[in-house]
Amino acid sequence: MAGNPRNGRPYRTLCKQQRAKRLPCWWCGHDIDYTLTGYAAQRSPWAFTLDHALPLSRGGDLLDPANARSAHRRCNSQRGNRTHQPQPRASRRW
């Protein structure tokens with residue numbers, strides 16, 4: 001039985017390459033705190049996570065660099081397996 005592919009060297013290499021780009025979150029557009037590592041990164045909603053433009057549950061490739069995106073942990077979790085970005089809310093006029 002094979003282990004979790006997200007623990008393998010190819011996946012860790014892809015994460016390292018994406019992290020080195022220091023891109024903002026592709027979902028919300030805000031800066032990611034790349035200084036967070038280890039346990040702090042696991043707990044912070046503003047830490048880097050590797051997201052996939054086409055979710056794995058919808059047939060996206062785990063190791064395809066063209067499918068890899070930088071995201072906040074919070075944004076990645078809230079997005080789930082949706083493929084479209086939410087529309088900005090219009091402000092109310094009072």
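Might you work out the accessible area of Cys28 for me, using a 1.4 Å probe with all protein chains in place, and round it to the nearest 10 Å²?
That residue has around 60 Å² of solvent-accessible surface.
What does the net charge come to around Pro45 if you take all other residues with beta carbon closer than 9 Å to its beta carbon, with K and R at +1 and D and E at -1?
So the surrounding residues net to +3.
Placing one identical point scatterer on every Cα of the chain and ignoring solvent, what is log10 I(q)/I(0) from the Debye formula at q = 0.17, 0.22, 0.23 Å⁻¹?
-0.77, -1.21, -1.30
Just reorder Thr83, Thr49 by solvent-accessible area, largest first, 1.4 Å probe, all chains present. Write out the running numbers ahead of the final one.
Values: Thr83 70, Thr49 20 Å².
The ordering from most to least exposed comes out as Thr83, Thr49.
Let's see if you can work this out: charge +1 on each Lys and Arg Cβ, -1 on each Asp and Glu Cβ, no other charges. What is the dipole magnitude of the range 34-87 about its Cα centre, in debye to the nearest 20?
260 debye
Just grab the label-to-label distance for Ser77 and Lys16, each label 7 Å out from Cα along the Cβ direction, in nm (one decimal).
2.7 nm
Got a sec to turn the phi values of the range 15-27 into Karplus ³J(HN,Hα) couplings, 6.51 cos²θ - 1.76 cosθ + 1.60 with θ = phi - 60°, whole Hz, x for Gly and Pro?
With the stated coefficients, the range 15-27 comes to 4, 5, 5, 5, 4, 5, 6, 6, 7, x, 4, 6, 8 Hz.
Quick one: pull the percent of accessible area on the range 1-63 belonging to carbon and sulfur, 1.4 Å probe, ligands and nucleic acids left out. Please report the intermediate quantities before stating the final value.
Numbers: 2370 of 4380 Å².
Here carbon and sulfur together make up 54 percent of the probe-accessible area.
So how strong a dipole does the chain carry about its Cα centre when Lys and Arg Cβ are +1 and Asp and Glu Cβ are -1, to the nearest 20 debye?
280 debye
Give the range of the longest stretch in the chain that excludes all trypsin sites (Lys or Arg not before Pro) found in loop regions by DSSP and having at most 16 other beta-carbon atoms within 10 Å.
Here the longest segment lacking exposed loop sites spans 23-81.
The values are calculated or read from the model by the stated rules, or taken from the named source; none is laboratory data. Given the structure is predicted, the values throughout are model-derived calculations rather than measurements. Cβ coordinates were reconstructed from backbone atoms using ideal geometry, including for glycine residues, and neighbour counts include every protein chain displayed. For accessibility, only protein heavy atoms count, side chains too; no ligands or nucleic acids. Shrake-Rupley method; radii C 1.70, N 1.55, O 1.52, S 1.80 Å.
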